[in-house]
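To start, the structure under review is shown below, and the notes come after it.
Taken together, the values in this text are just the output of simple stated rules run on the coordinates, not laboratory data. Remember, predicted model here, so these are calculated numbers, not experimental data. Here Cβ is always computed from backbone atoms with ideal geometry, including for glycine, and neighbour counts include all displayed protein chains.
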Amino acid sequence: MIRLLRRRILVAVALCVLLAGAAAVISASAPAGSQPRYVTTAAGAFTLTGSIGGMSPGVTTSLTLTVSNPQSVPLHLQSVAASIASAIYTGTGTPAPPTCASYLTPTLPHSWTSWTGPTTIPAASGPASPGSAVITVPLSFANSPVNQNACEHVTFNLSYSGSAYYSDPTTTVLAASPNPSNIGAPVTLHATVSPTYSGTPPTGSVAFTGPSGPLAGSPVSLSGGVATLTTSTLPAGSSAITATFTPSATGTGGGPDFLGSASTATSAVVLAGCVSAPTATATTVITGTYNGSYIVGAGKSLWLNGGTITGAVVVNPGGQFAATGGRIGAGIVAGGNSSVQGTTISGNVVSLNTALSLGYGTKVAGVVQAAFGGPVCLNSVTVGGNLQLTGLTSGALASICGTSAPSVEVQNNKEPVQIGGSATCAGNTFSGNFEVQSDSGKVTVGAPGFGNHAAGSIEVENNTGGGTLAANGTSGVCLLQNDSPAIAGSANTAPPGHLNTCNRTA
């Protein structure tokens, strides 16, 4: 309130907050031209108290304002104004002179001489500990040359108004796709940054960090609240990756519109490929259409990089073939190492006396047969015909992970075989029978959370390398028998009335 105490030249002014009925409580509002970022639209978003010493007409003094923020996020105060809420005459003589009535309007007889926002008001550290900041506003009282004592014994009760906005808290969520992937295959990281209140897409950048530090190509600018990075350099195994959002330094109101945030670590699982085939260093690279069949000779290499080969690919011993996307019209016959990812194959895949990797969404219309070589890895492959691994001899691990096929035969293999059974080897789905027979290498078939399912029967018989059979399901019979050393079986299921000998202790 403002009370004029002395005639002509000296005016003593006292400002106080009236908790009942005074508008010393200011609702937060958004800066002009931006979408509102309200902490709350109700009164009580923050409070303002002020004090001032003596004032004289025409003399500039300072109004000291304390802003108190009870919110859990910082506020950015943009503007403050004061107006007369009411005026009370406290004198004992005649009512206030008519000249004073000109002051009894929404405009206080003063002017701000300078103050520019925004000023950041810290967040509250607890329910009883609001954040606060002090601002000083130069204030000059109007100098009327006539009747300077016109408002003697008049008390002005002030109300405040103003605007404030906040830096919206955010959350960052990271996803990797595909997950798991094959080594060398592209993995796309999507970081989605979401505001807590405003609904306005945040602006800024996201830094992607892997086990060895920032990933190549990072940081990435947000677009519509999403940052995307594709990398092919993740190592085999499980890589912990995080995404950290850094907001634009200057927002609509002068300060940052958003608060930074970091995702929880996401495990991107990369399966070690059975074979590493050349890509950029290949003798021949096909990105368009090659009509007919292509023969890869000994000492030569071919990379199908998203293109089309209308016929078959024949890889002679000593040759190498890699495919990353694209289409093969008549299958693959491989006597040399082949690594195929994300490729559609209209025919069969036959691999003899060599290593074979099929992964990352490869689709084979026909059968997949691998014999007398190895290792062989299938990861996230769709096979239209039968799947057969026979007589593999390399001694390295053969694996079938996250793959669908009709009947599957894994027979007479000397190298260890894993079919589902781990975080890096998801379970498989077979629409027919599933047979693991006469293998001399260790067999691992399923595990809790990573089991396989066969619509036909499951038959694990006559194996001599030991191993485990766990958490697999069948719509037919489940047979575990005649293995030496015995294979440990547990948590394997078959429908009621169907023979199930698959839960035997080794």
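Listed values, structure above:
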quantity	calculated
³J(HN,Hα) computed for each position of region 325-334 - Karplus, 6.51 cos²θ - 1.76 cosθ + 1.60, integer Hz, glycine/proline x	x, x, 9, 10, x, 9, x, 10, 10, 10
Cα-based shape type of region 170-271, given that a ≥ b ≥ c are square roots of the gyration tensor eigenvalues and the cut on a/c is 1.5	prolate
Virtual spin-label span in nm between T464 and K414, 7 Å along Cα→Cβ	1.2
Among 465-475, 211-221, the order from most to least packed when residues are scored by Cβ within 10 Å on average	465-475, 211-221
Additional length obtainable on full extension of the chain from A240 to H190, 0.36 nm per residue less Cα span	16.6 nm
Set of lysines with alpha-carbon distance to K442 below 17 Å, sequence-local pairs under 8 removed	K414
Segment A175-S346, extension gain: residue separation times 0.36 nm, minus the distance between their alpha carbons	58.4 nm
Length added when fully stretched, I88-A491, from 0.36 nm per residue minus Cα-Cα	136.5 nm
Sites N482 and A280, calculated FRET efficiency, Cβ-Cβ separation with R0 56 Å, nearest 0.05	0.70
Modelled FRET efficiency - R0 22 Å, S475 with R504, Cβ distances, 0.05 increments	0.60
Two-site FRET efficiency, S232 against S267, from Cβ-Cβ distance with R₀ of 25 Å, rounded to 0.05	0.90
